[in-house]
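Just below is one structure, and these are the notes that go with it.
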Amino acid sequence: MRRDGERPSIAFLSSYPPTSCGLATFTAALRGAVADERGSDQGLGVVSLVDSQLGEVSSEVVHQHLNGDRGSLAGAIAALNAFDVVFVQHEYGIYGGPDGSEVLDLLAGLDSPAIVTLHTVLSQPNPNQRSILEKVVALAERTIVMSDTASRRLRDGYRVDPAKVQVVPHGASAGLGGPSLANGSRPVVLTWGLIGPGKGLEMAIDAFTGLKDLRPLPRYVILGKTHPKVQASQGDAYLEGLVARVHDLGLDDVVEFDGRYLDTGTLGVAVRQADLVVLPYESTEQVTSGVLVEAMAAGKPIIATAFPHAVELLGTGAGIVVPHGHPIALSAALRRVLTHPSLAARMAVETKLIGSTLLWPVIARQYHHMATKLVARHQAARALTTAKVA
């Protein structure tokens with residue numbers, strides 16, 4: 001355990017690479033940024049959540065917790081309690097049990113204080129989802145949400161202690177903060193992330209049917225591989241359906257699919273090479289979007305559907321928000337930005353300004369400061385209790 005003057009040891013509980021999902025990417029980035037903040041990765045460990053044991057894992061993984069396995073659960077709790085504080089990532093789908101209820105067993109078993117980051121706060125949860133989230137907040141020492149919208153939704157819609165809730169934004173790679181690399185003969189419009197239903201790609205593709213007259217003709221690049229769970233249940237059927245849609249609409253010379261899942265550095269270059277970012281998500285619940293934050297860090301004009309995080313971050317002129325399920329409105333917004341360079345430039349200035357406050361070094365400093373204060377308080381309380389007993 002930590003001694004006075006030492007940095008606290010920190011465990012990270014989440015899905016983790018080589019798992020391909022947003023929370024795994026987030027956790028790896030947060031851990032790396034905390035290591036940079038400390039000047040060392042000593043005292044940092046990961047308990048990764050898996051649905052089946054992985055043969056090869058990175059050296060920072062101290063335990064793989066097999067969801068739903070009681071023996072693995074005991075090992076996970078023991079591994080987490082070897083650290084001074086635990087950073088827990090919460091999303092219903094990454095834990096075992098109905099609506100990810102196994103997270104409660106993990107939190108209840110901790111002796112070390114937990115700081116839980118909520119990646120989803122539903123406005124209309126089912127009764128079990130509501131109960132789980134309220135218990136998660138009760139078991140945590142601190143609860144982090146990544147937008148003001150999520151904070152309001154949690155405080156107003158759930159029975160939680162508001163004093164426990166703090167807003168710390170989603171981070172973005174510092175490499176995204178470099179100068180724009182967009183210099184192609186055709187403007188590049190980019191959407192990236194794991195591909196699957198709900199991402200709104202159908203609407204985005206449809207929107208480009210109204211832009212065939214533009215010269216130079218824009219390129220719409222859809223970057224990312226099929227989501228592993230979609231791949232497991234449907235194979236390539238979903239992606240093949242998108243490709244067929246592009247062909248049927250006569251957009252083969254406009255829409256391109258890049259099926260790579262890029263590391264942080266390569267992705268940063270790809271984003272900086274784009275002229276414009278489109279986030280056509282179907283969800284009206286999304287209070288956190290890492291892709292949105294990354295696009296802002298890169299200083300790109302953004303067009304998004306009216307999901308809550310986009311409405312919150314783009315309202316000062318950094319982007320244009322369009323209604324869900326409205327390809328004509330999306331097409332009109334694309335035309336405005338693609339044909340008015342001065343508008344695109346103003347949007348880029350605003351995104352860059354906001355994005356500079358969202359880079360991982362800034363965010364990691366907040367996480368590490370919170371952990372250090374929390375551990376110091378816990379150790380002081382423990383010392384006081386020991387003194388009273390003596």
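The values are calculated or read from the model by the stated rules, or taken from the named source; none is laboratory data. In this text, all values refer to a predicted model and were calculated from it rather than measured experimentally. For neighbour counting, all protein chains shown are included, and Cβ atoms are generated from backbone atoms with ideal geometry for every residue, glycine included.
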Checklist line | Selection from region 43-81 of residues that are surrounded by 14 or more Cβ atoms within 10 Å (Cβ to Cβ), of a type in the set (Ser, Thr, Tyr) and not in a strand (DSSP E or B) | finding: Ser72
Next item on the list: Would you tally the residues in region 11-42 being more than 26 Å from Gly68 (Cβ to Cβ), not hydroxyl-bearing (Ser, Thr, Tyr) and not in a helix (DSSP H, G or I)?
Entry: 3
Check: Quick one: is Glu312 under 22 Å from the mean Cα position of the chain (by Cα) and over 23 Å from Val188 (Cβ atoms)?
Finding: yes
Next item on the list: From Ile302, Ile328, Ile363, grab the single residue that is within 24 Å of Thr117 (Cα to Cα) and β-branched (Val, Ile, Thr).
Entry: Ile363
Notebook entry, point to check: Only one residue in Val230, Val246 is assigned to a helix (DSSP H, G or I), out of contact with any Phe, Trp or Tyr (no Cβ under 7 Å at 6 or more places or on another chain) and in the same structural domain as Gly325 (by TED's automatic domain parsing). Which one?
Noted result: Val246
Check: Counting just the residues of region 168-185 that are touching a strand residue (DSSP E or B) at 6+ places or on another chain (Cβ under 8 Å) and assigned to a loop (DSSP other than H, G, I, E, B), which one comes out surrounded by the most Cβ atoms within 10 Å (Cβ to Cβ)?
Finding: Gly171
Checklist line | Pair list, Cβ under 6 Å, 6 or more apart: region 209-225 residue among the polar types (S, T, N, Q), other residue outside any helix (DSSP H, G or I) | finding: Thr209/Leu249
Check: Residues in region 306-315: is at least one among the small types (Gly, Ala, Ser), assigned to a loop (DSSP other than H, G, I, E, B) and touching a residue at least 24 places away in the same chain (Cβ under 8 Å)?
Finding: no
Notebook entry, point to check: Taking the stated definitions as given, is Val322 touching a helix residue (DSSP H, G or I) at 6+ places or on another chain (Cβ under 6 Å), farther than 21 Å from Leu23 by Cα, surrounded by 22 or more Cβ atoms within 10 Å (Cβ to Cβ) and not assigned by TED's automatic domain parsing to the domain that holds Thr117?
Noted result: yes
